[in-house]
Each structure stands twice: as structure tokens, then as C-alpha cells.
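Okay, so here's the structure we're looking at.
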Amino acid sequence: MSFINSNVSVHSSDYKSNFAANKAVCDDLAEKSARIRLGGDEKSRQRHQTQGKLLVRDRIALLCDKGTPFLEVGLFGAYETYSDVVPAAGTVAGVGVVHGRQCMIIANDATVKGGTYYPLTVKKHLRAQEIALENRLPCLYLVDSGGAFLPMQSEVFPDRDHFGRIFFNQANLSAAGVPQIAAVMGACTAGGAYVPAMSDQSIIVNKTGTIFLAGPPLVKAATGEDVTAEELGGARVHTELSGVADYFAENDQDAIRIMREIVFHLGEKDHARVSLRSPEPPAFDPEEILGIWNPDLKRQNNPLEVIARIVDSSRFFEFKKNYGTSVLAGFAHIEGMPCGILANNGVLFSESALKATHFIELCVTEQVPLIFLQNISGFMVGAQYERGGIAKDGAKMVHAVSTAKIPKITMMLGGSFGAGNYGMCGRAFGPRLLWTWPTSRISVMGGEQASQVLLAVKQGQLAREGKKLTAAEQDAIVSPIREKYEREGHPYYASARLWDDGVIDMRHSRAVLAASLATVLNAPMEKTNLGVLRM
Ligand code: COA
């Protein structure tokens, strides 16, 4: 058996300075995450509770089996994005365990602008449904929403991936055999009314739950009819008269009890077949990741030291160990679940791309889920490498990553730049889940390189006219680009826009990857046709 030998000295000055820097960013992440988890402001939370309603995270805690992990998706959604503060984009989403079964939970937070849908709320809801579809997870909707955020209607209503897509997805998830279950625990107005109406089964809470296409004021304006919210679309109307809802609940707790019971009675579905082993903890402490990882992107990091703190028994069976060494490839288990791991160890050369492609073929053939640990500045450039055909070798890797139908999971540890992001399964390449460390950075190239490219282009234009830039003019081009790339490449900026599924504490990597693997194994694996790999 192959075990990783760690060469880390916890007493070295490098270890200590890395530890301090990484601890600071993880503390910052924890502090910001805790603030987001509170939801709306104190006044809204109090008002919500005086109506007899549970706060959204208390609803989720009650819904999930005690002591099980909740793999939250999009916690930083809409972070510092709008003029309003919209914690978690106004909707909590994630994979929770109900009666031992992993489910996608999508729950509106009514303390955030009445649970209405901003553009990023829609994007987050659609992403959660996509995760549910790809991994065959039943969807549990805890509905408490005023529907579209009306001031931004042009960004939430008309286009394909806007509000309507939620209902399109519900119908198609149901058709694909993925159960759709809704509990109406507050307002469910206009477009939002279709969430329970399009579900396979729905629950409504007495007094607080309402479902209607138009609320009382709109009805009055449209038809002159005077009607209370309760008479228009309350729990009795919908469970006794209209049949829009199937189960009457006395309160939030009762609704959650019923939802758990619905899940209890769901049928068993086909899932991925893999050989599970007994879980073993890593031989090295995951806490040490803080000290071994140098957050300076210009410094090389050895991914083996990270893998040693993630995988069972720190056992890693390395493939082509001495070939194309700027990428590591190998097989391991995490919490007893098998996986292949591809990890960057420097810039990608032709040999590394060929090795990665070969390894992807192996994982596809053996039907092993594949984890990408990204820290990549890109593919090697220069005449020697172009003549060696690096473009076609890189293309093979990108091709194999794109067409491999095995579950792929990506974690960005450091840089995620240019075509390196493509080859290592960035967002566009459909990883089932994508996580980032707070030390990661993402952009088409580094800020320094981008600013130099733009400077060179400007200098070329001026040279044609026989002109030159002064040092101050050069700085006026370079500095703003560098600053912009730094800001936009930050993981909070990226996660706010849902370019990933969440920023995680680097010490939690094993737990997050284990929960991710457990999630992806819910769906049976499809056969792959890799297509034509350019030789
Ligand atoms: N778009 C934008 N903002 C909305 C909104 C909407 N659809 N619905 C509610 N809000 C805002 C309110 O302006 C308020 O903002 P503020 O706190 O900054 O003043 C906040 O959400 C809370 O609304 P409030 O009415 O005070 O809360 P509530 O708990 O009493 O009622 C609703 C919540 C959602 C039931 C109620 O606001 C409502 O019926 N909204 C209209 C729903 C609708 O017709 N939507 C159509 C969408 S297609």
C-alpha cells in the first residue's frame, strides 16, 4: 500500500507564517459566514417569530436528521452585490439528510425583503435544482416568499434562466423521477404560487401559509372583490376546496414533521455502484493545512501535503509518479468512498496534460468519481512548447474533462487562471460541486499579466504613430487593471456571483469532499464517449 510521507516541520518559520496568514482568512470567513447566517435584520427576525414562524435555519435544522451535516450551497450569494444587504441571496440552499436520505433543501428567508427573488436568488435556486437533477436528490422547498423582487423585474422575469425556469425545472425534475415536495410556511404569491402547485406533494401551514396568484389588494383593484388573504388562499381553502395543497399543517413544526414523513415513504431509486471501504482518518492532522499552504500565489505548494490531510489513512496510489510531475494523479478513498484525484503541482506542460488525460480515461473506465485540486497559473507558453504541440495536448485534457460522464468535483486551493481553469474542471466544465478556499483567486490571467498585455497593446498602437507613453501614463493604464483583477478575482466576489458553490475553511476540505462524494453517488453513473482526442 502507498502512504504519503509528510515532510513538514511545524516549527519552521514558513509553517508559522503560513499558519498565521491562513488562520486570519479562515477567521474572517467564519465571522462573515456567521453574520450572513443570521439572515435579515433584528426587527424583521422578531416580526417573523411573533407570527409564530420559525426562522429559516431553525426550519432546516428541524427538517434534517440530528447530527448530520448540511452541505450548504451559495452562502455568499449576493454578498455585497446590491445596494440592499441580501444575506445568502435571501434563500438558504444545501444538501441535508432526511430519514437517512440526502435531499436538496431550498428555503426562502422571509426576513430578507419578504423572501423575494433578486436576480442572484433566481440563479441560486436554479443552481440548487441543477445539483438536485445531476445527483438525483429529492427537492424539498420551504416556501415563504413574495415572489419576484419587483424593482428588478427585467433581470428576474423575461429571460430563459429567470424566474420561470424554476417551474420548468420542477416539471422536468419530476418527469426525471426526482421528487418535488413543497411546504408553504408563509406567503406564496403570484409566480411563487407555482412552487407548491408544481410540486408532486405539498403541505400548507394554517394561518401563516397562503397561496394565490394575486393578493387581496390586486384582486380588489382588478375585480373589485373584497376578500381576506385567508379566504383567498389559506390552508383550509387549499386542502378542503381547491386541492392545490395535499396536507394541512397546524404550524411550522407540524409541516416539517409531515415533510419528513413524505420523505420516509419515498421509493428507493438506482444509484452509483462503487466499492466502499471502512473509513479511516488521515494519518496527518487536517489542521496542519493552515501551516503547509503558502497563500502567496507566486510560491509553489506541494499538493501531496494537502492530499495527505484529506484522504483516508493518507493513502494515495500515485499514477505516473515520475512523469509530467507538474500534475499529480492518483487513487484514494475519502470516508471510505473511492475517488481519483488530479492536483496541480506547477504550470501544465504537454506531458502533464497527457498524463491527466490518460488518468481521466482510467477513472471513466473504472467509473471512479474524480476530484480536481486546482492551483494553476495555466499552460506553459513559448516557441518550444508551441512547436511541441502544447495546444493540442492541452486540448486533449480539456476534451476529456468535458466529455467524462463520471461525477467530477472541483476544489480551488490557489490560482485558477486561464486555460488551466478549463483543464482542471472550472465551472464551465460541469463539476457536480465546486468549492473554493479563501486563499484562491480566479481570473482569465493574473492582474499583472493582464495589465502588461493591455499596456503592450497601447504601446503598439502609439508606436505606429511614432509616439510613446510617459511613466505616469503607463501607470494610469496598469494600476487600475491590476486593482480590478485583484478585486474581481477574490473568492468572496466570485462566490457572491455563484461562480462556485461556496468558500470553505481549508481545514474542512476532507469533510466537504466527503459530503460531496456522498452526494454525487446518489445518481447512477452514465457511460462516457470521450469523442475524438486530437493525437
Ligand atoms: N418586490 C420587492 N420588494 C418586496 C416585495 C416584492 N415583490 N414584496 C415585499 N417586498 C419588500 C417590502 O417592500 C419590505 O421592504 P422593507 O423592509 O425594505 O420595507 C419587505 O419586503 C418586507 O415586506 P412586508 O410587507 O413588510 O413584510 P410582510 O411579512 O408583512 O409581507 C409579503 C411579506 C411578501 C407577503 C408582502 O410584502 C407581499 O405581499 N408582497 C407583494 C407580493 C407580490 O405581489 N409579489 C408579486 C411577485 S410576482
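Considering the range 140-168, the residues that are part of a strand (DSSP E or B) and within 8 Å of the ligand (Cβ to nearest atom) include one that is least open to solvent (accessible area, probe 1.4 Å), namely S145.
For beta carbons closer than 6 Å, sequence separation of 6+ or different chains, a first residue in the range 517-534 that is over 11 Å from V274 (Cα atoms) and modelled with pLDDT under 95 and a second that is of a type outside the set (D, E, K, R) and open to solvent by 50 Å² or more (accessible area, probe 1.4 Å), the qualifying pairs are L533/H399.
Whether any residue in the range 505-516 is open to solvent by 30 Å² or more (accessible area, probe 1.4 Å), among the hydrophobic types (A, V, I, L, M, F, W, C) and not in a helix (DSSP H, G or I) is what I want to check.
Checked the range 505-516: no residue is open to solvent by 30 Å² or more (accessible area, probe 1.4 Å), among the hydrophobic types (A, V, I, L, M, F, W, C) and not in a helix (DSSP H, G or I).
When the range 305-318 is limited to residues that are crowded, with 20+ Cβ neighbours inside 10 Å and of a type in the set (A, V, I, L, M, F, W, C), the one that is farthest from G336 (Cα to Cα) turns out to be V306.
Right, T228: within 16 Å of the ligand (Cβ to nearest atom) and out of contact with any strand residue (DSSP E or B) (no Cβ under 7 Å at 6 or more places or on another chain) or not? Yes. Only one of the numbered conditions (1) within 10 Å of the ligand (Cβ to nearest atom); (2) in contact with a Cys (Cβ under 9 Å, 6 or more places away or on another chain); (3) closer than 21 Å to L498 by Cα is not met by T116, and that is (2). Considering the range 188-210, the residues that are within 10 Å of the ligand (Cβ to nearest atom) and part of a strand (DSSP E or B) include one that is least open to solvent (accessible area, probe 1.4 Å), namely C188. Do we find that R441 is open to solvent by 60 Å² or more (accessible area, probe 1.4 Å), within 23 Å of P303 (Cα to Cα) and within 16 Å of the chain's Cα centre (by Cα) in this structure? Yes; evaluated as a whole, the condition is true for this residue. Have a look at L232, L290, L213, L276 and point out the one that is within 30 Å of S6 (Cα to Cα) and either in contact with a Gly (Cβ under 8 Å, 6 or more places away or on another chain) or surrounded by fewer than 18 Cβ atoms within 10 Å (Cβ to Cβ) (or both). Exactly one of L232, L290, L213, L276 is within 30 Å of S6 (Cα to Cα) and either in contact with a Gly (Cβ under 8 Å, 6 or more places away or on another chain) or surrounded by fewer than 18 Cβ atoms within 10 Å (Cβ to Cβ) (or both), namely L276. Given the options K468, K458, name the one that is farther than 22 Å from V444 by Cα and either of a type outside the set (D, E) or touching an Asp or Glu at 6+ places or on another chain (Cβ under 7 Å) (or both). The unique qualifying residue is K468.
Restricting the search to the range 26-55, which residues are more than 16 Å from the ligand (Cβ to nearest atom), in contact (Cβ under 8 Å) with a residue 40 or more places away in the chain and either buried (at least 18 other Cβ atoms within 10 Å of the Cβ) or not aliphatic (A, V, I, L, M) (or both)?
C26, D28, L29, K32, S33, R35, I36, R37
The values are calculated or read from the model by the stated rules, or taken from the named source; none is laboratory data. All figures in this text were calculated on a predicted structure; none of them were measured in a lab. Here the Cβ is made from the backbone with ideal geometry for all residues, glycine too, and neighbour counts use every protein chain on show. Surface areas here come from the heavy atoms of the whole protein model, side chains and all, with no ligands, DNA or RNA. Shrake-Rupley method; radii C 1.70, N 1.55, O 1.52, S 1.80 Å.
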